[in-house]
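Read through the structure below, which is laid out as structure tokens, and then see the notes.
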Amino acid sequence: MRKKIVAGNWKMNTLPAEGATLAHEIVSRITEVPSDVQLILAPPFTHLDRVAEAIKDSSAALSAQNCADRDKGAFTGEVSAAMIAAAGCTYVILGHSERREYYHETSATLNSKMALALANGLRPIYCVGEKLEEREAGRHFDVVGAQIREVLFNLTPEQMASVVVAYEPVWAIGTGKTATAEQAQEIHAFIRKTLAEKYGWLSEEISILYGGSCKPANARELFAQKDIDGGLIGGAALKADDFIAIARSF
């Protein structure tokens, strides 16, 4: 059985005290969520200690939104994989479309981050997805396939077993647009088929999350699809009611 996951990416939102309050609200209602669903909270770096404290007695897990591509040294403003692991994280989001777009992260950068995350015992949530113009040009399979092959195909099977994949239709992030359940299932199935090229049967064990404007209103239909194992949630993760409702959609 693949793990069902609902991960909340808070992005650059909330102040530390607000984040701690939100985390408390979420874990206070965790019994409403099916026991086989893993909740993951990914607050900003500045909140990690407080959120770790808030969720310490619950089954929720902590994730960072990013990590540096170097292990330590004179890299002002960067936060290493070792640092976030020490702060209580068990997951880290890598390759989010906003990192690729705004900070020009390449596959080479992400290979370094992936290696450091795994070396520090973190489970990467590796994001893939196409822009609107790439989908309209019919290139979405090529784009997503390249993002998988250029990074994930460099891992051993043992390393790959620790990775979660998140598909983000970039055109549906923060736009209010959402891929139909059929569109989402089609590309999730493609991702699993691509992983099978390298990893065979292991591809059936990898959780693949949908990450494009997933809300309480559409989560049930999305999560009912054969190859969709949960969601990487953005805006809806900032409201405990919405986040819990999404997690209950299984």
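In units of the rule-of-thumb radius 2.2 N^0.38 Å, region 1-94 shows an alpha carbon radius of gyration of 1.10.
When each of 140, 96 is scored by the number of other beta-carbon atoms lying within 10 Å, the sequence from fewest to most is 140, 96.
In terms of its alpha-carbon gyration tensor, region 51-99 comes out oblate; a/c meets the 1.5 threshold, while b/c is at least as large as a/b. As an exercise, use a Förster radius of 51 Å and the Cβ-Cβ distance of residue 112 and residue 217 to find the FRET efficiency, rounded to the nearest 0.05. For residue 112 and residue 217, the calculated efficiency is 0.85. For region 130-250, the square roots of the Cα gyration tensor eigenvalues, ordered a ≥ b ≥ c, give a/c of at least 1.5 with a/b no greater than b/c, which places it in the oblate category. Label-to-label distance, residue 70 versus residue 201, with points set 7 angstrom from Cα along the beta-carbon direction: 4.4 nm. Approximating the spin labels as points 7 Å out from Cα along Cα→Cβ, the residue 29-to-residue 119 distance works out to 4.1 nm. Sequence-ordered 3J(HN,Hα) estimates for region 223-237 from the Karplus curve with 6.51, -1.76 and 1.60 and θ = phi - 60° stand at 6, 6, 6, 4, 10, 9, 9, x, x, 9, 9, x, x, 5, 6 Hz, glycine and proline given as x. Packing around the peptides 82-90, 3-11, 227-235, taken as the average count of other Cβ atoms within 10 Å per residue, puts them in this order, highest first: 227-235, 3-11, 82-90.
Among 177/215; 193/215; 72/113; 11/193; 215/239; 131/198, which pairs are too far apart, with a Cα-Cα distance over 19 Å? Table pairs above 19 Å Cα-Cα are 193/215; 11/193; 131/198.
Set the Förster distance to 30 Å, then compute FRET efficiency between residue 180 and residue 12 from the Cβ-Cβ distance, nearest 0.05. Efficiency, rounded to the nearest 0.05: 0.55. How high is the relative contact order of region 141-225? Use alpha-carbon pairs under 8 Å, at least six apart in sequence, and give a whole percent. Taking the mean separation of contacting Cα pairs over the length of region 141-225, I get 42 percent. Just check the chain against the gyration tensor rule for me: Cα atoms, a ≥ b ≥ c as the square roots of the eigenvalues, rounded for a/c under 1.5, and otherwise prolate or oblate depending on whether a/b exceeds b/c. Rounded.
All of the numbers you see were taken from the coordinates with simple rules; none came from a lab. From a predicted model like this one, the values you see are computed outputs, not experimental measurements. All Cβ positions, glycine included, derive from the backbone under ideal geometry; neighbour counts span all protein chains shown.
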